[in-house]
1. Do we have H210 as part of a loop (DSSP other than H, G, I, E, B) and at pLDDT 95 or above here?
2. Only one of A347, A341, A381, A322 is within 30 Å of T178 (Cα to Cα), small (G, A, S), in contact (Cβ under 8 Å) with a residue 40 or more places away in the chain and touching a Gly at 6+ places or on another chain (Cβ under 6 Å); which?
3. Kindly provide the set of residues from segment 326-351 that are of a type in the set (S, T, N, Q), open to solvent by 60 Å² or more (accessible area, probe 1.4 Å) and not in a strand (DSSP E or B), ordered by number.
4. Give me the helices (runs of 4 or more DSSP H) completely within segment 233-325, filtered to those with at least 2 residues that are more than 30 Å from L44 (Cβ to Cβ), hydrophobic (A, V, I, L, M, F, W, C) and modelled with pLDDT under 95, ordered by residue number.
5. For segment 134-151, indicate whether the set of residues that are closer than 20 Å to V51 by Cα, open to solvent by 10 Å² or more (accessible area, probe 1.4 Å), in contact with a strand residue (DSSP E or B) (Cβ under 6 Å, 6 or more places away or on another chain) and in a loop (DSSP other than H, G, I, E, B) is non-empty.
6. Any residue that is free of Cβ contacts under 8 Å to residues at least 40 places away in the same chain, over 30 Å from R12 (Cα atoms) and assigned to a loop (DSSP other than H, G, I, E, B) - is there at least one of those in segment 79-91?
7. Which of the following residues is farther than 30 Å from L432 by Cβ, modelled with pLDDT under 95, open to solvent by 10 Å² or more (accessible area, probe 1.4 Å) and not in a strand (DSSP E or B): G107, G99?
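The values are calculated or read from the model by the stated rules, or taken from the named source; none is laboratory data. These figures come from a predicted structure and were not determined experimentally. Cβ: placed from backbone, ideal geometry, glycine included. Neighbour counts: every protein chain shown. Side chains included, ligands, DNA and RNA excluded: accessible areas come from the protein's heavy atoms. Shrake-Rupley method; radii C 1.70, N 1.55, O 1.52, S 1.80 Å.
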Amino acid sequence: MGTPHQFQEPPRDLKVTLQEKCLVFPSEQTERKSLYLSNIDQVLNFHFQTVHFFRAREDYPPSAVTERIKNGLSRVLVAYDFLAGRLRLSDGGGGEGGGRLEIDCDGSGVGFVVASSECTLEEIGDLVYPNPAFRQLIAQGSSMDELGTDGNLPLCIVQVTSFKCGGFAIGLSNNHTTLDGISIKIFLENLASQSADKPYLAITPCNDRHLLAARSPPRVTFPHPELLELEIPTPGSGPDQTIPSVFDSPQDPDLDLKIFRLTSADVSSLKNHAKSGIATSNHAEVKITSFNVVTAHVWRCKALSSSETSQNPDRSSTILYAVDIRPRLDPPLPQSYTGNAVLTTCATATCKQLEESPLSTLVEMVSEGTTRMTDEYARSAIDWGELHKGFPHGEFLVSSWWRLGFAQVEYPWGKPRYSCPAAHHRKDIIVLFPDIEDDDDKRAADGRVNVLVALPREEMLLFEKLFHKFLACII
């Protein structure tokens, strides 16, 4: 019942040796052009990284897989030409601070790295554990310097690492201005189709970022408590200067790291308990989703475990979480829209409210944050970004990788054994990610969720106690 998952001590060194690195270019000539980046894209100038593990297959040895991925990547870059481009500042149009970020689709290429590990997948242990050593499976931007990138790093780097057992991992590092979680999944589906030498893409991407351009003139028609305006110094000449944000602050190594696994029965109990409370309050429009109930439960535990709460129980706690705006706009965005089409929303309550309110009330608050994201609210937030420089601001962010479906992508050599983001050791980010599928019961994993929490030791002890306490009250 929501217990911390016990892991054997994972290896701290995967003994990875780099064998080859190069740039991969589109297989066909692409048009030289500039790609407009929306105001959502603008504040996400940092790399996010994922690892995808695969079992060994005799008919697909790592060398064959590497060649297929390299060729498939070259083919898919014709449709995703912006991934082979480079960030730059436009000549103007950015107001007092100068130009704004855009992508120069110049065909400079994406990074490609081939590596090998002396470990087997079995020796690595439980793939669910966010082992910091997994970063050895993801090429870092600095490794591309010797390929003549002149400091303007590739927007996408792919690393294929073979293990001693014949299994392998694909590590992806993407600049977040290029793709969000939903569009990276579609990119992977297209990469899989091209690696299988199919004559067509699985899904045709929509690359028109002007669909999320600010209105002219901008109209901020709502207050946006989830956004904090900053005084930004005049940017320099390079595109790597970025706005600091909750998404990209330094990791803290002096934190306890634990994963709390909620079974499908736990999630169902949370939902049923919330439904009973909603039914008695006559708020039938509240959405009782798995994400909403897990987020409400985590919010209460995180806020009440903070050292600040014991000193001031009446303090306010603000939780941030992302909403996909594709279906919420009028007209809706294409599902295949490649840019960032998620906006951060928030819910705020005092810690006293979080402690004393029933779960249904907290779920209602989380649901209201999502419901608030209408077409007009989303357009207002985008217009806010045209007038101000800032970023989402709250006590902590819930980052959900739970339903993105990376592990459901079918490659020529099969689906990944497991896909996960690179390890987070951040007090201000709690990550929800899927469980590994059981060979004998694949449906069971779909309802389970892992909650990754990083906190100072004393706060972690209290978080764990509260996590069990509030869960036990409803089961």
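1. Values: part of a loop (DSSP other than H, G, I, E, B): no; at pLDDT 95 or above: yes.
It is false that H210 is part of a loop (DSSP other than H, G, I, E, B) and at pLDDT 95 or above.
2. Working: A341 fails: touching a Gly at 6+ places or on another chain (Cβ under 6 Å); A381 fails: touching a Gly at 6+ places or on another chain (Cβ under 6 Å); A322 fails: touching a Gly at 6+ places or on another chain (Cβ under 6 Å).
Being within 30 Å of T178 (Cα to Cα), small (G, A, S), in contact (Cβ under 8 Å) with a residue 40 or more places away in the chain and touching a Gly at 6+ places or on another chain (Cβ under 6 Å) holds for just one of A347, A341, A381, A322, which is A347.
3. Filtering segment 326-351 down to residues of a type in the set (S, T, N, Q) leaves 335-336, 338, 340, 344-345, 348, 350.
Add one more test, that the residue is open to solvent by 60 Å² or more (accessible area, probe 1.4 Å), and what stays is 335, 348.
Residue satisfying the conditions is Q335 alone.
4. Details: elements: 264-281, 290-305, 307-311.
Correct list: 264-281.
5. Scanning segment 134-151 turns up no residue that is closer than 20 Å to V51 by Cα, open to solvent by 10 Å² or more (accessible area, probe 1.4 Å), in contact with a strand residue (DSSP E or B) (Cβ under 6 Å, 6 or more places away or on another chain) and in a loop (DSSP other than H, G, I, E, B).
6. Keep residues of segment 79-91 that are free of Cβ contacts under 8 Å to residues at least 40 places away in the same chain, which gives 91.
From what's left, over 30 Å from R12 (Cα atoms): 91.
Right, trim to assigned to a loop (DSSP other than H, G, I, E, B) and you get 91.
Looking through segment 79-91, at least one residue is free of Cβ contacts under 8 Å to residues at least 40 places away in the same chain, over 30 Å from R12 (Cα atoms) and assigned to a loop (DSSP other than H, G, I, E, B).
7. Numbers: G107 fails: modelled with pLDDT under 95.
The unique qualifying residue is G99.
To keep it simple, each residue is scored yes or no on (1) surrounded by 14 or more Cβ atoms within 10 Å (Cβ to Cβ); (2) modelled with pLDDT of 85 or more; (3) of a type in the set (S, T, N, Q).
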{"site": "Q6", "(1), (2), (3)": "no, no, yes"}
{"site": "E9", "(1), (2), (3)": "no, no, no"}
{"site": "K15", "(1), (2), (3)": "no, yes, no"}
{"site": "V24", "(1), (2), (3)": "yes, yes, no"}
{"site": "T30", "(1), (2), (3)": "yes, yes, yes"}
{"site": "Q42", "(1), (2), (3)": "yes, yes, yes"}
